[in-house]
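First up is the structure itself, then whatever we jot down about it.
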Amino acid sequence: MSQFGYYLKVPRPNTRPFDMANYLTSEDDVVMYLDLVLQDGGPAELVGALGPIACARAMTALPAATGLARESLYRSLSGERPPSSGTPFVVRPLDFTRSASSSKPNAAPGGGSG
C-alpha cells in the first residue's frame, strides 16, 4: 500500500509492436532505409531489412519469384539468422541494383594519390 492506503491502477497503453514496413510507403523510403542499413549495419541487419521491404512490397509475389515457401521467406528475412547462400535469390526479385561508393571523397583506387 502507498502512504494513502491504496494503490493507483494505471491503465496500460494499447500499443502494437513496431513494424518498419508500415513506414516504407514509397520507393524513396525503401531506398533511404536500405542505404542507412548498408552504411551502419552488418550482413544480419541487411537481411533483417529485406523483410520489411518485402512486406511493404506485398510479400505475395516473392514466393513464386524465388521458389521458396512463404514461411521459409519470413524466417530467412527476419534478421534472426545469418545470411545464407539463398539470400541473393530473395534480393533479385525485389528489383534492387547493386552499387558501391567510397566513403572517402576523390579517393584513388588502390589507395594511391594518383
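Quick note: the coordinates plus some simple rules give every number you see, no bench work behind them. Predicted model, so just to flag it, every value in this text is computed and none were measured. With ideal geometry, Cβ positions are generated from the backbone for all residues, glycine too; neighbour counts draw on all protein chains shown.
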At what distance in nm do the modelled label points of residue 65 and residue 46 sit from each other, each positioned 7 Å from its Cα along Cα→Cβ? 1.8 nm
Starting from the Cα-Cα distance between residue 27 and residue 9, subtract it from 0.36 nm times their residue separation and give me the gain in nm to one decimal. 2.0 nm
Based on the mean of other beta carbon atoms within 10 Å per residue, what is the order of 9-19, 46-56, 67-77, most packed first? 46-56, 67-77, 9-19
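Can you run the Rg to Rh ratio on segment 10-69? Use alpha carbon positions and the Kirkwood inverse-distance Rh. Display every interim value, and only then the final one.
Numbers: Rg = 14.3 Å, Rh = 13.1 Å.
Radius of gyration over Kirkwood radius for segment 10-69 works out to 1.09.
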Which FRET efficiency value, to the nearest 0.05, is calculated for residue 36 and residue 74 with the Förster distance at 35 angstrom and r the Cβ-Cβ distance? 0.95
